[in-house]
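Here, each number is a calculation from the coordinates, and none is a lab measurement. Bear in mind the structure is a predicted one, so any value in this text is a computation, not a measurement. Cβ placement follows ideal geometry from the backbone for every residue including glycine, while neighbour counts extend to all protein chains displayed.
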Amino acid sequence: MSKELDKIWLSSPHMGGNEKKYVLDAIESNWVSPLGPYVVKMESELAKYIKCNDVALLNSGTAAIHLALKLLEVAQGDIVLCQSMTFSASANPILYEKAIPVFIDSEEETWNICPLAAEVAIKKYISLNKKPKAIIVVHLYGMPAKMAELTKLSNKYEIPIIEDAAEALGSNINNKMCGSFSEFGILSFNGNKIITTSGGGALLSNNVLAIQKARFLASQAKDPAPHYEHSAIGYNYRLSNISAAIGVGQLEVLNNRVLARRANFDFYKDNLSSIEGIKFNMEPEGFYSNRWLSCITLDSNKFSPDQLRLGLEKQNIESRPLWKPMHLQPIFREFDFIGGSVSENLFNNGLCLPSGSNLNNIDRERVLKTIKSLL
């Protein structure tokens, strides 16, 4: 019986070296609660890296989006525009507040929310006397969205943007970091992200008072008092000091992780782009993607993305379709969708390839050899 091939994961955690040291320090000092010096340090280091005024560490990126909506006073019945091509965590918090998501198609260059379609939606709902309360923009797979156009739109109609940069830590446009272009940015440190705290997230803003309020809400909204006093509904959303200790170690190697993932993308592009029917999403001028996941689109007349995925799976190589757009999801089908078929076509024809920063040359060559044999 032949030995089973080692699993090549899509995007697995990659430790840097000091995480264990910092976790042991947190345990030995008995700082194991959702407070402590590593929480403070990671918030400070993230603020410096993103170049924003303040950061609140939370237990997920989903929590960060939810608090951003709360801080923008999104309430029942309010309209929130949301990029359709994304993970459901971008959209679910809209429903937490009983607001109404309106999904917007992507544009073809970055695969992110289309500014033209977004303006069509804004005009439509203003005409119905339901001006949108917020716009959720996602920097998909690490590729920055067209923030110049979107910021103009935000300013023109006075509608704040929430930047879902869960997949885009380290990405930038002309050296301005994703997550810092708008009222609020959010990050995720889930296990498959470019760095991880095992699970966690962050809310970013230049509005220090808003971040202070986010910390208050994320800590069960406990008013100052010797007893437990509550004048607002709170949430249990803060990150633990132990998780933050992992994050501090991860931040030390973040730049290396970005370079490694970009090298994966370049490897696939250099070796596969000559095959007719395979395309890569390239960076517009001034855009810098962390290439969290390396993605391809396939000409469906030549290749089947699902057959390629299944063929890779047989060789113990994990790949994944691109995000299924929210307007096609059963839970969101009743809500409005503005745009064409860009996001749907991307879903039908796209595939995410193994992209972890811990991939070695042998792994990449095995993926490449398998893809070429299947195609």
Checklist entry - For a paramagnetic label modelled at 7 Å from the Cα of SER300 toward its Cβ, which residues of the stretch 331-375 fall within the zone defined by backbone nitrogen distances under 14 Å? => result 341-351
Checklist outcome for this item: At R0 = 51 Å the Cβ-Cβ FRET efficiency linking VAL32 and SER127, nearest 0.05, sits at 0.40
Item to check | For the stretch 309-375 versus the stretch 194-248, the gap between their alpha-carbon centres in whole angstrom | outcome: 34
Checklist entry - What is the distance, in nm, between label points placed 7 Å from the Cα along the Cα-to-Cβ direction at LEU116 and at SER198? => result 4.8
Item to check | Descending principal axes extents, the stretch 254-374, alpha-carbon based, whole Å | outcome: 46, 34, 26
Next on the checklist: Once you place label points 7 Å from the Cα toward the Cβ at GLN212 and LEU259, how far apart are they in nm?
Outcome noted: 4.0
Checklist entry - So which lysines can LYS372 reach, going by Cα to Cα under 21 Å and dropping same-chain residues fewer than 8 places off? => result LYS7, LYS269, LYS279, LYS302, LYS314
Checklist entry - In the calculated pair distance distribution of the stretch 51-165, what percentage of Cα-Cα distances lie above 24 Å? => result 19
Checklist entry - Using Cα pairs under 8 angstrom and six or more residues apart, how large is the relative contact order of the chain, in percent? => result 24
Checklist outcome for this item: Per the helix-only model, the chain has a calculated mean residue ellipticity at 222 nm (DSSP H runs of ≥4, -39500 (n - 2.57) each, divided over all residues, rounded to the nearest 500) of -11000 deg cm²/dmol
Checklist entry - Kirkwood hydrodynamic radius (Cα pairs, Å) of the chain? => result 21.4
Checklist entry - Arranged from highest to lowest average of other beta-carbon atoms within 10 Å per residue, in what order do the peptides 332-342, 286-296, 227-237 appear? => result 286-296, 332-342, 227-237
